[in-house]
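Here's the structure we're looking at; comments come further down.
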Amino acid sequence: MKVLVSVKRAIDYNVRIQIKSDGSGVVTDGVKHSMNPFDEIAVEQAIRWKEAGLCDEVVAVTIGPDAAGEQLRSALAFGCDRAIHVKTEEPVQPLTAAGVFKAIAENEQPQVFLMGKQAIDDDASQTGPMTAALLGWPQATFASSIELADDSARVTREVDAGLETLDVDLPAVITTDLRLNEPRYLKLPNIMKAKKKPIESSSLDELGVAPAAALESLKTAPPPQRESGVRVESVDELVAKLKEKSLL
Amino acid sequence: MSEPIERDVMAYDVLVVGAGPAGLAAAMRIKQNAPDTEVCVLEKASEVGAHNLAGAVVETGPLDELVPDWRDDPPAICVDAADDEFWMLHQDGSRRLPTPPQQNNHGNVIVSVGNLMSWLAPKAEALGVEIYPGFSAAEALFDEAGAVRGVRTPDMGLDRAGQPKNGFTPGIEIHAPVTLFAEGCRGNCSKQLIQHFELDRHSDPQTYGIGLKELWKVPESQCRPGLIQHTIGWPLDDDTYGGGFVYHLDDNRIAIGFVVGLDYADPRLRPFEAFQQFKHHPRIKPMLEGGEIISAGARALVEGGWQSLPKTEMPGAVILGDAAGTLNVPKIKGIHTAMRSGMIAADHLHAHGTADGFDAALRASTVGAELKKVRNIRPGFNKGKWVGLLNAGWETITKGASPWTLSNHADWQATRRLDDLDSPTPEDAQGYVDRDLPPRDRLASVYFAQTEHDEDQPVHLQVLDTSICIERCTHEYGNPCTRFCPANVYEMVENETGQAELKINAANCVHCKTCDIKDPYQIINWVVPEGGSGPNYYNL
Ligand SMILES: Cc1cc2nc3c(=O)[nH]c(=O)nc-3n(C[C@H](O)[C@H](O)[C@H](O)COP(=O)(O)OP(=O)(O)OC[C@H]3O[C@@H](n4cnc5c(N)ncnc54)[C@H](O)[C@@H]3O)c2cc1C
Ligand code: SF4
């Protein structure tokens, strides 16, 4: 069995996000980037399957600038067998990404396409479902556990009401949620060896994908600042203040 | 743990510890000299540049040599130095002084050292240098003959009690015929090696300062790109060495910082608070008002200079840059000398194939000459600000030709006991003002350092005997760790039984190393936490 995993370079979750002064986006220059944490969970899952003998090849794919090669190197250090870098300097909208992933999936013919449930930069949660739709494959999103069989998978999903269990036929797109697993620490020797592995390179052009212009981003603004609180001296004052704001 | 751990071993031709100015310059030069040499650089920050902090006005000589066409594609922060100003601050006024010649910055550039490093790293990688951020050197290792054979990286995945958790990954050993320790000020392996080989046997003790810094974005009219301002005086008293800096960048950004010599005598002094007071001085505050903090942090710097420079070579290894102590204090510049020391080491290895003889080469170089020339200026301030300034004038006029060399003493020994102090607290004596500029306090400042440590790992600030804190330090020195730590890591709290206890909030630590240096009993040992932990400085 072959598993394809998507990997996105995103601003690290520890970074305090700054908005560009002209509102055209967030500051990315000189800011720490790492693998989208949900993709890390997806990679970890694929490698666990490989270690358990459930699949025999894991291929990582990213779409992004040259620097995104770093995240592919991490995927290789996790234990992925191959890595494909679809290079583009332009920001990629979910539909474009889905188009690229469809083309890659058609070339690679995996049984499972694992993706993070969302990327923590734009939080769109669209690429997985769109890829499944373009491929005409079943999808199971927000997976918190996956049992793999030869031609189907039983996926437990985290939904608002609790847990939902689905059986999907393979090939399928499955997106990972936080509780699926806890990614391992990368071992330095594996990182060192991953540096020397080849990365296959491709482009939107080569894959015949035209960048979608479905969305236009108008403005990026920070959330409104919380006004500083007031200290009240007594219960009466508190009640008065609440009334003043029509909260009582 | 009881059983010895099986560790993987990786081997390289040269191992470099630390991807700062010294380490990266050395690694690049090695590759330029001999492209086939396999060079591995370990960096404890999660990304190159994320633990580096400086002013920073830089002399570009070494960079011009290393990357001759660097001006075609300069780092994102790089502003030509314009005017230099030197101010003496009083409680409510200020006086402009002539700029000391060492601080004439014509021809220099203002950068962020963190940004400079993250810009330089891909250039090093393009030369074939392998850089591994997120992996630190926990300790140096020795071979049977006693020579340094490399380092061990820390174990990952231990819990607070030191027991392996799920996913425990033992550290590995990295071996190389030569290891270059470029860990910066008070490097943990460098400290180990200086003790192990008694490298400081013939030099004075190293001395230090603590530097605190913030990067601000300010309203348009408040920033004059290229302006370099230095201050001495308030809020420090005449006996305490230190001062402030304000470097005006482009894009309405201002780098502001404050340095306090760690030989300060009054254990009640709080360097972080002194920095915040400095920001509220009428000469400084108008530049910041209406602005916001982008990033903040702290880092110790070496001040001992020539007479405190330990021997920088030992079998199988050398110590570079500020890990040895190559900073030029009167210039407040160490980036060019750190880089130069790395390049000298690379050339020395290329010519001789061994660390032997590096120490002499370094001392005979421009780095040695520069440090020797200014050697008496900093210790002149041990007798207070005025004697210091007069002495600095003399040493400058005579170009360091005085037949004497003033000596340095360990900073922690300068701390006076509380019962030996009859002066009012620094707050009262210096007339500290109410503050309204951010950050509110040290914890609010740590937020801007974006520091990050997994809480469930062994505490990386080892206090060898916490009973001393309670039984002696509280009444002898008033627990100065709770004051000098810029990140509020140390707190004296009451435990359930109502007894005083030292609480260590290790997760806040910004790796400045001040506690390791200034603790009056020398019982705090800073060890490396899990790789990748620590601050995530942005453009400091
Ligand atoms: C507030 C302040 C202002 C300054 N202003 C200026 C200025 O204007 N101009 C100037 O030229 N200089 C300035 N300096 C001095 C300058 O920062 C240093 O001299 C210079 O950075 C020294 O370079 P280095 O490579 O020796 O050490 P560092 O820059 O400290 O780099 C050491 C590197 O090693 C890493 N490291 C440490 N220990 C380990 C380990 N065990 N394993 C792996 N990695 C490790 C660190 O994370 C770091 O990246 C200033 C310093 C301070 C604190
Ligand atoms: S604990 Fe020590 S090294 Fe860490 S921030 Fe505080 S003084 Fe600096």
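FYI, it's all coordinate maths here, none of it is from the lab. Worth saying up front: this structure is predicted, and the values here are computed from it rather than measured. Heads up, the Cβs are rebuilt from the backbone with ideal geometry, glycines too, and the neighbour counts pull from every protein chain shown.
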Checklist entry - Hey, rough spin-label estimate for A:ALA213 and B:LYS503, points 7 angstrom out along Cα→Cβ, what's it come to in nanometres? => result 5.8
Next on the checklist: Given R₀ = 51 Å, what would the calculated FRET efficiency be for B:TRP386 paired with A:GLN18, taking r from the Cβ atoms and rounding to 0.05?
Outcome noted: 0.70
Checklist outcome for this item: The lysines whose Cα lies under 16 Å from the Cα of B:LYS165, excluding any fewer than 8 residues away in the same chain, are A:LYS187
Item to check | Theoretical ellipticity at 222 nm over chain A - DSSP helices of four or more residues, -39500 (n - 2.57) apiece, nearest 500 | outcome: -8500 deg cm²/dmol
Checklist entry - How crowded by other chains is B:162-172, given as the mean number of beta carbons from other chains within 10 Å of each beta carbon? => result 2
Checklist entry - Lys/Arg Cβ at +1, Asp/Glu Cβ at -1, dipole of the protein assembly as shown taken about the Cα centre: which of A:SER203, A:PRO65, B:TRP394 is farthest positive-ward? => result B:TRP394
Next on the checklist: Per-residue counts of other Cβ atoms within 10 Å, averaged by peptide: what ranking do you get for B:304-314, B:523-533, highest first?
Outcome noted: B:304-314, B:523-533
Checklist outcome for this item: Pseudo-spin-label distance B:ALA82 to B:ASP250, built 7 Å along Cα→Cβ, given in nm, is 1.3
Next on the checklist: Could you list A:LYS243, A:LYS102 so that the one with the fewest beta carbons within 10 Å of its beta carbon is first and the one with the most is last?
Outcome noted: A:LYS243, A:LYS102
Checklist outcome for this item: Inter-part gap, Cα centre of the range B:147-164 to Cα centre of the range A:38-79, in whole angstrom, is 26
Checklist entry - Taking K and R as +1 and D and E as -1, what net charge do the other residues with C-beta under 13 Å from the C-beta of B:LEU327 add up to? => result +3
Checklist entry - Under the definition of partner shielding as Cβ atoms of other protein chains within 10 Å of a residue Cβ, what is the mean value for peptide A:176-186? => result 2
Checklist outcome for this item: Taking Rh as the Kirkwood radius computed over alpha-carbon pairs of the protein assembly as shown and applying Stokes-Einstein at 20 °C with viscosity 1.002 mPa s, one gets a diffusion coefficient in µm² s⁻¹ of 76
Checklist entry - Distance from the Cα centre of the range B:56-94 to that of the range B:10-43, in angstrom? => result 26
Item to check | Too-long pairs where the Cα-Cα distance tops 23 Å, listed order kept, from A:LYS193/B:LYS31; B:LYS331/B:LYS373; B:LYS44/B:LYS213; A:LYS2/A:LYS102; B:LYS31/B:LYS191; B:LYS123/B:LYS311 | outcome: B:LYS31/B:LYS191; B:LYS123/B:LYS311
Item to check | Relative contact order for the range A:2-244, counting Cα pairs under 8 Å that sit 6 or more residues apart, in percent | outcome: 24
Item to check | Computed log₁₀ I(q)/I(0) - Debye formula, equal Cα scatterers, no solvent, the range B:281-348, q 0.13, 0.18, 0.23 Å⁻¹ | outcome: -0.54, -0.76, -1.00
Checklist outcome for this item: For B:TYR12, B:TYR264, ascending order of other Cβ atoms within 10 Å (fewest first) is B:TYR12, B:TYR264
Item to check | Modelled FRET efficiency - R0 56 Å, B:HIS475 with B:HIS280, Cβ distances, 0.05 increments | outcome: 0.95
Checklist entry - Residues in the range A:1-40 near a label at A:ALA149, defined as backbone nitrogen under 20 Å from the 7 Å Cα→Cβ point? => result A:1-3
Next on the checklist: Quick check of the Kirkwood formula: for the range B:1-102, what is the inverse mean of 1/r over all pairs of different Cα atoms, in Å?
Outcome noted: 18.1
Item to check | Three-way shape call for the range B:186-275 based on the alpha-carbon gyration tensor, with the a/c threshold at 1.5 | outcome: prolate
Checklist outcome for this item: Working note, the range B:105-222: Cα radius of gyration (Å, one decimal) and Dmax (Å, whole number) are 19.6, 64
Checklist outcome for this item: The local net charge around A:GLY69, scoring Lys/Arg +1 and Asp/Glu -1 for residues other than A:GLY69 whose Cβ lies under 14 Å from its Cβ, equals +3
Checklist outcome for this item: So the FRET efficiency between A:ASP29 and B:ALA265, C-beta based with R0 = 30 Å and rounded to 0.05, is 0.10
Checklist outcome for this item: So, for the Cα atoms of the range A:111-248, Rg and Dmax in Å stand at 24.0, 71
Checklist entry - If you line up the Cα atoms of the range B:361-480 on their principal axes, what length do they span on each, largest first, in Å? => result 52, 41, 37
Next on the checklist: Just want the ordering: A:GLU227, A:GLU108, from fewest to most Cβ atoms lying within 10 Å of their own Cβ.
Outcome noted: A:GLU227, A:GLU108
Item to check | Shape metrics for chain B, restricted to C-alpha atoms - Rg then Dmax, Å | outcome: 22.3, 65
Checklist entry - If the convex hull of the alpha-carbon atoms of the range A:2-244 is projected onto planes in all directions, what is the mean projected area in square nanometres? => result 18.0
Checklist entry - Given labels modelled 7 Å from the Cα in the Cβ direction, how far is it in nm from A:ALA124 to A:LYS196? => result 3.9
Checklist entry - Label 7 Å along Cα→Cβ of A:THR220; the range A:115-142 residues with amide nitrogen under 19 Å? => result A:118-127
Checklist entry - So how do A:29-41, B:379-391, B:207-219 stack up, highest first, on mean other-Cβ count within 10 Å? => result B:207-219, A:29-41, B:379-391
Checklist entry - So what is the 222 nm mean residue ellipticity for chain B from helices alone, if each DSSP H run of at least 4 adds -39500 (n - 2.57) and you divide by all residues, rounding to the nearest 500 deg cm²/dmol? => result -6500 deg cm²/dmol
Item to check | Reference-scaled alpha-carbon Rg (2.2 N^0.38 Å with N residues) for the range A:179-248 | outcome: 2.54
Item to check | the range B:107-205: trypsin sites (Lys or Arg not before Pro) falling in loop per DSSP and having at most 12 other Cβ within 10 Å | outcome: B:ARG201
Next on the checklist: With a cut-off of 8 Å between alpha carbons and a minimum separation of six or more residues, what is the relative contact order of chain B in percent?
Outcome noted: 20
Item to check | Zone of B:ASN33's modelled label, taken as backbone nitrogen in the range B:112-148 under 16 Å from a point 7 Å along Cα→Cβ | outcome: B:129
Next on the checklist: Is there a quick way to get the dipole size of chain A? I mean about its Cα centre, with the Cβ of Lys and Arg at +1 and of Asp and Glu at -1; what is the value in debye to the nearest 20?
Outcome noted: 740
